[in-house]
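No value in this document is a laboratory result; all are computed from the given coordinates. In this text, all values refer to a predicted model and were calculated from it rather than measured experimentally. Ideal geometry is used to build each Cβ from the backbone, glycine not excepted, and the neighbour counts take in all protein chains shown.
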Amino acid sequence: MAWLKIVVGAGVLAVLIILNVAWSLYKKRHIFEFAKNFNGFRFYPIFGNYWQLKNIGYSDYFDAVRVVAKEVGLPFNFWYGHSYLHVTDDAEAIKVILDHPDCLDKSSSYNILKVLFEDCLLVYKADEWKVRRKFFSKSFNQPILNSYVHYFYKNSNVLVDVLHNDYEDLFSVFGRYTFDTFCDIIVGKSYNLQTDPSNRLIDEMDAMQKYMAEISVATVTFGFPLHLKALLTNGWSALSLINKLKKLSSSMTDLRRKELQKYPVVGSQISFLDAMISRGNLFHPSIISKELLIFLVAATDTTGNSLTFTFTLLGMHPEIQQKVYEEVITEIGRDAPIETDHLPKLKYTERVISESLRLFPPVFIVGRHINKDIQIGDKIFPKGTNVLVYTFALHRNSKYWPNPKKFDPDRFLPEEIAKRPPSCYIPFSEGPRNCIGKLYAMMSMKVVVANVIRNFRISSKYRSVDEMEMRGLITIRTKNDIDCHFSPRN
Ligand code: HEM
């Protein structure tokens, strides 16, 4: 009779699974209706578009989005198991979504970040996020940021020394600058990664992204066994790296707490870390170090990679490089320290950085979850849709950017900006949940570009941006070492 029990048990389990799948599909009937308006692969229950993606082949997350977009055309539907993703490069839809109060939650594609980083500003659900964001925003006002320029300059001098010598990988060089600067400012201690090539932390942060990318692409189906396989292979490596970073962030928090006990800071113009520590009743120490970690991660690769692309583009365009150089020499001079007042005067330099962020937006895709039906144009985007704003494609969409692959900083002259829809340029995302470090990043990059360009001539062998093959999960960089060289000016 034992076999009968097994057969009945298996039968009950099968019926439960079928009912569960059927219920999950029934709940999504409005989404299936909506999806008919767009391109995409055929949907398969349980697997979504897993098999089609596997068949067309891709090397990582960046590549997966790119190949599907090429195969089916944008905007497109993608089924991650039973989770619906709408991938778009349409500025009108993007504006509505990023500004909308019912689209503040992150899309399901951030689940991997939630697992690894747990709760933090980047992934909080809307209600929690609003309270925290209000608190942190106070530490990113202009007077506070102005007080950071001295640290950008100090660390950019170390960077100039590094560029005079041999180095392994340019992304790592600029990542080390952003890491050191951030710690110098926020933690009150420099970790001197710039001068210690044996410290591999920046490379490890990149490796962690690679593991996470592999996990998230491997889990395109919600079938648990496949999750398990991905977790066992890359998950373990990702977890041990994240634990190392968590320990580091916790030791930074302790260090800063002790420093503040000895030398308390007064007033309201203080960094977000000092603000959290001084409001210990609101923030448990473990929360403080989680928040610090996400800021550190969010600041490092983004700014570092963007600087790498900016210098490479300048190396490809000597005439534009010359104009930046002349502006820097006129406004600051050959050797004078770079100060806060100089930065607004570097107008051409700012256009160059903006154009570099257009061609190579470090965060190439951002995701939102729609919590209520919303009308966009003549369509209702249904509740439950995950929208992936494909910034990389938006920034190269010829509908908004004539000759999109041309590096042309004058696209950012005020009269040219006025000709475009507002949301076709969003390197820092848009709306209430945009990048909190946008001004910090722009100021830091301006100081570095100015200081490096007055010390070096830059060259690169590339003739077109297409020669740079990209990879990425959260931030993008080139698959191979980037070709960009710095020769000292006399
Ligand atoms: C070129 C440099 C940078 C770029 C391109 C960039 C881009 C972005 C983007 C696109 C987002 C939105 C992500 C999403 O919706 O999923 C974001 C969020 C964020 N960024 Fe940045 N970022 C940069 C530098 C920085 C810096 C320097 C900091 C810190 C000092 C920072 C801290 C953050 C944080 C904490 C968030 C989450 C904000 C929230 O959800 O309220 N970023 N960044």
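Assorted remarks:
- Hz values of 3J(HN,Hα) by residue in region 139-156 - Karplus curve (6.51, -1.76, 1.60), Gly and Pro given as x: 8, 10, 7, 4, x, 5, 5, 4, 6, 8, 4, 4, 6, 4, 5, 4, 6, 6
- Of the trypsin sites (Lys or Arg not before Pro) found in region 279-356, those in coil by DSSP whose Cβ has at most 14 other Cβ atoms within 10 Å are R279, R334.
- Whether region 384-453 is rounded, prolate or oblate, judged on the alpha carbon gyration tensor where a/c under 1.5 counts as rounded: oblate
- Estimated distance in nm for a label pair at E71 and N39, the labels positioned 7 Å out from Cα along Cα-to-Cβ: 1.2
- Built amide H within the under 5 Å cut-off of G40, gap 5+: N77
- Ranked by the mean number of other Cβ atoms within 10 Å of their residues, highest first, the peptides 48-56, 32-40 come out as 48-56, 32-40.
- Share, in percent, of DSSP beta bridges within region 57-488 that are antiparallel, nearest 5: 85
- Spin-label model, N141 to R463: label points 7 Å out along the Cα-to-beta-carbon direction sit 5.3 nm apart.
- Label-point separation, S59 to E118 (7 Å along Cα→Cβ), nm: 3.6
- For M470, the residues whose modelled amide H falls within less than 5 Å of its own, excluding neighbours fewer than 5 places apart on the same chain, are K479.
- Straight-distance crosslink candidates among lysines, where the alpha carbon sits under 26 Å from K36 and sequence neighbours closer than 8 are dropped: K27, K28, K54, K70, K95, K106, K372, K379, K383, K399
- Counting 0.36 nm for each residue step from K5 to L239 and taking away their Cα separation leaves a gain of 80.1 nm.
- The slack between N111 and H485, meaning 0.36 nm per residue of separation minus the straight C-alpha distance, is 130.8 nm.
- Looking at region 387-484, the GluC sites (Glu not before Pro) that sit in a DSSP loop and have at most 13 other Cβ atoms within 10 Å of their own Cβ are E469.
- A simple rule links phi to the HN-Hα coupling: the Karplus curve 6.51 cos²θ - 1.76 cosθ + 1.60 with θ = phi - 60°, which for region 30-37 gives 5, 5, 4, 4, 4, 4, 4, 6 Hz, with x for Gly and Pro.
- 3J(HN,Hα) from dihedral phi, region 62-67, Karplus parametrisation 6.51/-1.76/1.60, rounded to Hz, x for glycine, proline: 4, 5, 4, 5, 4, 5
- Cα shape, region 57-488, gyration tensor, a/c 1.5 rule: rounded
- Estimated FRET transfer efficiency when R0 is 56 angstrom, pair L13-H164 (beta carbons, to 0.05): 0.25
- Cβ-Cβ FRET estimate between L25 and K379, R0 fixed at 25 Å, reported to 0.05: 0.70
- Simple rule: put +1 on each Lys or Arg Cβ and -1 on each Asp or Glu Cβ in the chain, find the dipole, and look at C183, L343, V7; the Cα lying farthest toward the positive end is V7.
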